Amino acid sequence: MVARNSVRIDLVIARVALALVFTLPFGSAGAQTPGGARPAAGELPDWGGLWEVTFAPGIENEPAALTPEYAAQYDAYRAAQQRGEIEDSPSANCVPNGMPGIMTQPYPIEFLFTPGKVTVLIEAYSQWRQIFTDGRRHPEDPDLTFNGHSIGHWEGETLVVDTVGLTTDTALGGSFGMRHSDEMRIVERMRLVGPDTLEIATTVHDPSALTKPWTTTRVYGRHRDWNLAEYVCQQNNRNFVTEDGKAGINLEHEE
């Protein structure tokens, strides 16, 4: 009897604990993520539908303030491009842009809210991002990837995302020739500024490449009736790389 009662008590405790987990705010199992309290599930902002970057008037983004070393690299890249030695960026051959550029592609994105995580689905290059909101920290020695390791917390209805661990194979800004070091850190502040308008302010920190943090702001419009499309970059890809490493394009249609 003692054993049976113990099992029953354990089951009751387990059920209560499970119920508490699912009634706690997303991103916590009793502890809030650093930097601000997480709104309860019923208080989450409505980010449903798909979002597409717009060219909203009135927003002027300053150029990046590059250090002398990285400015010289960028100037050399542009000079080689003007001489015809560089024809395209790796994205022309299906290499994804990586952060922060992947968030500004002219393709829609979608946000999925689940306990402890916000997932960003990006139609361009069939990419996705995981933003952990469960209170974890960045790994001490993260693998360097295209989209990095992201953790987030809520400040009211603003999602603040901190991303590290970014490969240096990606660009710092809009041009592939503007490079960054492995010290690059990206902080995004995402918030609704209207019923169908999302604003993302992105600040790039990189003491090796930038003389000061670089902030750019993008505005996204909502499309509630859109669906993400399949994006297979290599399908009907007419770009190629020549034997000497230059990007090219084949304009002849292949049946």
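The values are calculated or read from the model by the stated rules, or taken from the named source; none is laboratory data. Note that the coordinates shown come from a computational prediction; the quantities given were computed from them, not determined experimentally. Neighbour counts run over all protein chains shown; Cβ positions are idealised from the backbone, glycine included.
When you scan the stretch 43-57, how many residues do you find that are over 15 Å from Arg224 (Cβ atoms) and in a loop (DSSP other than H, G, I, E, B)? Here the count works out to 4.
Residues considered: His138, His153, His149. Of these, the only one that is in contact (Cβ under 8 Å) with a residue 60 or more places away in the chain, more than 22 Å from Cys94 (Cβ to Cβ) and in contact with a strand residue (DSSP E or B) (Cβ under 7 Å, 6 or more places away or on another chain) is His153. Looking at the stretch 184-228 only, could you name the residues that are out of contact with any helix residue (DSSP H, G or I) (no Cβ under 8 Å at 6 or more places or on another chain), within 20 Å of Ile151 (Cβ to Cβ) and of a type in the set (Ser, Thr, Tyr)? Scanning the stretch 184-228 gives Thr203, Thr215.
Within the option set Gly58, Gly98, being within 22 Å of Arg129 (Cβ to Cβ) and either free of Cβ contacts under 8 Å to residues at least 24 places away in the same chain or not β-branched (Val, Ile, Thr) (or both) holds for one residue only, Gly98. Selection of the stretch 161-177 for residues being among the hydrophobic types (A, V, I, L, M, F, W, C) and more than 12 Å from the chain's Cα centre (by Cα) yields Ala171, Leu172, Phe176.
The residue of the stretch 122-135 that is farthest from Met184 (Cα to Cα), among those that are hydrophobic (A, V, I, L, M, F, W, C) and in contact with a strand residue (DSSP E or B) (Cβ under 8 Å, 6 or more places away or on another chain), is Ile122.
Here's the yes/no breakdown for (1) modelled with pLDDT of 95 or more; (2) surrounded by 17 or more Cβ atoms within 10 Å (Cβ to Cβ):
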{"site": "Phe26", "(1), (2)": "no, yes"}
{"site": "Pro34", "(1), (2)": "no, no"}
{"site": "Gly42", "(1), (2)": "no, no"}
{"site": "Leu66", "(1), (2)": "yes, yes"}
{"site": "Gly84", "(1), (2)": "no, no"}
{"site": "Glu123", "(1), (2)": "yes, yes"}
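When Tyr70 is tested against the conditions (1) over 14 Å from Phe176 (Cβ atoms); (2) of a type in the set (Phe, Trp, Tyr); (3) more than 18 Å from the chain's Cα centre (by Cα), the lone failure is (1). Residue by residue through the stretch 144-177, note down the ones that are in contact with a helix residue (DSSP H, G or I) (Cβ under 9 Å, 6 or more places away or on another chain) and either among the small types (Gly, Ala, Ser) or surrounded by 20 or more Cβ atoms within 10 Å (Cβ to Cβ) (or both). Those that are in contact with a helix residue (DSSP H, G or I) (Cβ under 9 Å, 6 or more places away or on another chain) and either among the small types (Gly, Ala, Ser) or surrounded by 20 or more Cβ atoms within 10 Å (Cβ to Cβ) (or both): Asn147, Thr170, Ala171, Leu172, Gly173, Gly174, Ser175, Phe176, Gly177.
Residues Arg129, Arg185: which one is touching a Leu at 6+ places or on another chain (Cβ under 9 Å), basic (Lys, Arg) and surrounded by fewer than 19 Cβ atoms within 10 Å (Cβ to Cβ)? Being touching a Leu at 6+ places or on another chain (Cβ under 9 Å), basic (Lys, Arg) and surrounded by fewer than 19 Cβ atoms within 10 Å (Cβ to Cβ) holds for just one of Arg129, Arg185, which is Arg185.
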